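Working notes, beginning with the structure itself.
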Amino acid sequence: MFTIDIRPDKLTEEMLDYSRKLGQGMENLMNAGTIDTGVTPCEPVYREDKLVLYRYQTPAGVTPKPIPLLIVYALVNRPYMTDIQENRSTIKGLLATGQDLYLIDWGYPDQADRAITLDDYINGYIDRCVDHICEAHGVDKVNVLGICQGGAMSLCYTSLHQDKVKNLVTMVTPVDFKTPDNLLSAWVQTVNIDLAVDTMGNIPGELLNWTFLSLKPFSLTGQKYVNMVDVLGDPEQVKNFLRMEKWIFDSPDQAGETFRQFIKDFYQRNGFIEGGVRLGGQDVALSNVTCPILNIYALQDHLVPPDASRALKGRTASQDYTELAFPGGHIGIYVSSKAQKEVTPAIGNWLNERG
C-alpha cells in the first residue's frame with residue numbers, strides 16, 4: 001500500500017518558508033512601479049481612426065535593409081507581446097538583423113466601430129499602411145510578418161495585393177481552422193455568431209480572454225499563481241510576471257461585423273481550405289499568393305495547433321516555401337530565451353537572403 005510520509009516539523013518548515021516568500025513578495029509587488037508596454041524606441045508615423053502605425057528606431061551600428069518590414073498583429077490582443085522586455089523582444093531581435101521595422105497598433109475599438117468589416121481592416125487599414133511605407137521608402141513592395149490572426153489577415157491581404165508584398169512571414173497562423181485537435185474551433189462551431197453580434201454589438205475582449213484561458217484552466221488560471229510564489233523574491237522576475245499578466249488581461253473589444261465575418265468565414269466555414277471568402281468584391285484564394293513564404297509554427301501551441309499552420313504548404317503558388325517548427329507554445333515563440341536565439345534570427349536571415 002502507498003503511504004504518504006508527512007512529518008510535522010517538515011510541514012511547519014515549508015509553511016514558514018512559504019510565508020516568508022509571500023511577505024517578501026508583497027513588498028516587491030508594492031514596489032514594482034509602472035509596468036511598461038514595450039521597451040524599444042519607436043515613433044508614430046501614420047494614424048487613422050483608432051489605428052497607429054509605428055516605426056522602430058534602428059540600433060546604432062546597424063544599417064537598415066532597403067525593403068521595410070511591416071508587422072500585422074492579431075486584433076484580439078495587444079502587439080506589445082512582441083516587445084515585452086529587454087532580453088525577450090522579437091522587435092529588438094528583428095532590428096538587430098537590419099529590418100527597417102513597422103508595426104500596426106489596432107487600438108481599442110468602441111461602439112462607434114461596430115460596423116467596421118474585415119474588408120475595412122484588410123483592403124482599408126492594412127493597404128493604406130503599406131502605401132504609406134512604400135511612399136516613405138520609395139519602394140513598390142514591403143515585407144510582411146503576420147502573427148496569429150494577423151497572419152490570416154496577411155494571407156488575405158497578400159492574396160488580394162500580391163503586387164505590394166515582396167516576402168511573407170506567417171507566425172503561429174491558422175490556415176486550416178478545423179483540424180481535429182483544435183479545441184477552440186470545436187467550441188465555436190455551434191455558437192450563434194449572428195445572435196452574439198446582434199445582441200452585444202462589439203464582442204467584449206474580456207469574454208474572449210476568459211474563453212482562451214478556459215482552454216487550459218488549470219495551468220492558465222491556477223497553477224501559474226501557485227508557481228508565482230517562487231519568483232516573488234526577485235524584483236526583476238516580479239516585474240516580468242506582471243508584464244505578462246498585464247498583456248494577458250489587456251484585451252481589446254472586437255468590432256462586431258469583423259468578428260462576425262472572421263468567425264463564420266474561417267472558423268465555421270474554413271474559408272482558406274474550402275473557399276468562399278470574399279473581400280471588397282474579390283475572392284480570397286491562397287493560390288493567388290506567389291511570393292516567398294516563411295511559415296513558422298509552435299509544436300506545443302494550444303491555440304493554433306501545428307497542423308492548422310502546416311496546412312499552408314502546397315496551397316499557394318509560391319515556388320519558395322519554407323517551414324520552421326519551434327519547440328514551444330503560442331506565447332513562448334515570442335518571449336522564450338530559446339525563441340530569441342532561434343526564431344527571430346531565422347526570420348531576419350530568411351528575409352535578408354531574399355532582399
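Assorted remarks:
- Selection within segment 222-279 - touching a Pro at 6+ places or on another chain (Cβ under 8 Å) and closer than 18 Å to Leu207 by Cβ: Pro252, Asp253, Gln254, Ala255
- Scope segment 255-281; condition charged (D, E, K, R) and either in a loop (DSSP other than H, G, I, E, B) or buried (at least 19 other Cβ atoms within 10 Å of the Cβ) (or both); matching residues: Glu257, Arg260, Asp265, Arg269
- Selection from segment 307-355 of residues that are closer than 15 Å to Asn167 by Cα and assigned to a strand (DSSP E or B): Tyr321, Thr322, Glu323
- Within segment 222-245, residues that are free of Cβ contacts under 8 Å to residues at least 24 places away in the same chain and under 17 Å from Arg20 (Cβ atoms) sit with their Cβ atoms under 6 Å from residues that are in a helix (DSSP H, G or I) and of a type in the set (A, V, I, L, M), at 6+ positions apart or across chains, in these pairs: Gln237/Val231.
- Taking (1) touching a helix residue (DSSP H, G or I) at 6+ places or on another chain (Cβ under 7 Å); (2) over 27 Å from Ala152 (Cβ atoms); (3) among the polar types (S, T, N, Q); (4) part of a loop (DSSP other than H, G, I, E, B) in turn, Thr63 satisfies each apart from (1).
- Candidate set from segment 222-275 (those that are more than 27 Å from Gln111 (Cβ to Cβ) and β-branched (Val, Ile, Thr)); member that is farthest from the chain's Cα centre (by Cα): Val229
- In segment 196-244, the residues that are among the acidic types (Asp, Glu) and either more than 21 Å from Val335 (Cβ to Cβ) or in contact with a helix residue (DSSP H, G or I) (Cβ under 9 Å, 6 or more places away or on another chain) (or both): Asp198, Glu206, Asp230, Asp234
- If the condition is being touching a Phe, Trp or Tyr at 6+ places or on another chain (Cβ under 8 Å) and either part of a loop (DSSP other than H, G, I, E, B) or free of Cβ contacts under 8 Å to residues at least 24 places away in the same chain (or both), then segment 179-195 contributes only Gln189.
- Arg20 meets all of the listed conditions (1) part of a strand (DSSP E or B); (2) modelled with pLDDT under 95; (3) of a type outside the set (Gly, Ala, Ser) but one, namely (1).
- Per-region count, segment 144-171, residues in a loop (DSSP other than H, G, I, E, B) and under 19 Å from the mean Cα position of the chain (by Cα): 1
- Condition check for Gly138: under 17 Å from Asn295 (Cα atoms) and out of contact with any Gly (no Cβ under 9 Å at 6 or more places or on another chain): no
- Residue in segment 56-84 that is surrounded by the most Cβ atoms within 10 Å (Cβ to Cβ), counting only those that are among the polar types (S, T, N, Q) and more than 17 Å from Phe249 (Cα to Cα): Thr58
- In summary, Glu245 fulfils each of the numbered conditions (1) in a helix (DSSP H, G or I); (2) in contact with a His (Cβ under 8 Å, 6 or more places away or on another chain); (3) not aromatic (Phe, Trp, Tyr) with the single exception of condition (2).
- Taking each residue of segment 125-136 that is more than 13 Å from Leu101 (Cα to Cα) and touching a residue at least 12 places away in the same chain (Cβ under 8 Å) and looking for partners that are outside any helix (DSSP H, G or I) and of a type outside the set (Val, Ile, Thr) with beta-carbon atoms closer than 6 Å, six or more apart or interchain, yields Tyr125/Leu51; His132/Tyr46.
The values are calculated or read from the model by the stated rules, or taken from the named source; none is laboratory data. If you're wondering where the values come from, they're calculated on a predicted model, not measured in any experiment. Note that we place each Cβ from the backbone using ideal geometry, even for glycine, and neighbour counts take in every protein chain shown.
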